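K.L.:
Supplied in structure tokens, the structure appears directly below.
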Amino acid sequence: MRLLTLGVLLVVVGLVGLVGTTWAFAALYAPISGPGPIGPFGGVASCMPPALDGQVIDVTLSDMGGMPGAAGMMGRGGMMGGRMMSVSVSRSAVPAGEVSLRVRNTGMMVHELLVLPLTSGAPGARAVGPDGRVDEAGSLGEASKSCGEGEGDGIAPGATSWVTLRFAPGRYELICNEPGHYAMGMFTELDVR
Ligand SMILES: [Cu+2]
């Protein structure tokens, strides 16, 4: 009887340990590697975007926390492209029409993606207000919902958001407008022809 109790106890402890380790491992690596996973509080399936219409662009939002070896890079005083945070795209030019942005946050902070027309000058040149944000006037749309489409409260680390928009030919700027992020490098240009 005692042996049986001990056996059951050991199995339970073993299972808890296994689940705990797997969970911790997933939480640690989800923001950095592989498609799909969204960190400790969600399932992979819930964060898989559906098939999206039009041209699909994969957008990656990152910050120092999401980069392997970030601490070492800071120690050497160097950062990728001189930026602490970034927005990168799988394609920087697409034909006009329907375009879907599949936006993944690989960083450690909450980010978002906004699409603004770029009427003149280089990307990154917008005036930043006292609140650390830029004017969103003229925005075509945004992907800022964790594991969802369109507008939300921001994309959690490891999560994906998506949005489908209709683009006229022109220059656009894809930015993150969380306070301070634009100034820290979260912008990139998208050209629509
Ligand atoms: Cu951001």
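What follows draws every value from the coordinates through simple rules; no lab data is involved. The shown structure was predicted, so the numbers you read here are calculated from the model rather than taken from an experiment. As a convention, Cβ positions derive from the backbone with ideal geometry for all residues, glycine included, and neighbour counts pool all protein chains shown.
K.L.:
Report, in debye and to the nearest 20, how large the dipole of segment 85-193 comes out about its Cα centre when Lys and Arg carry +1 and Asp and Glu carry -1 on their Cβ.
P.N.:
Dipole magnitude for segment 85-193 comes out near 360 debye.
K.L.:
Principal axis extents for segment 131-173, Cα atoms only, whole Å, descending order, please.
P.N.:
Sorted from largest, the Cα extents of segment 131-173 read 31, 28, 14 Å.
K.L.:
Counting other Cβ atoms within 10 Å, which GluC sites (Glu not before Pro) in segment 94-148 have at most 14 and lie in a DSSP loop?
P.N.:
Glu136
K.L.:
Something else about it: Taking a ≥ b ≥ c as the square roots of the eigenvalues of the Cα gyration tensor of segment 45-192, is the shape rounded (a/c under 1.5), prolate (a/b larger than b/c) or oblate?
P.N.:
Taking the square roots of the gyration eigenvalues as a ≥ b ≥ c, segment 45-192 is oblate.
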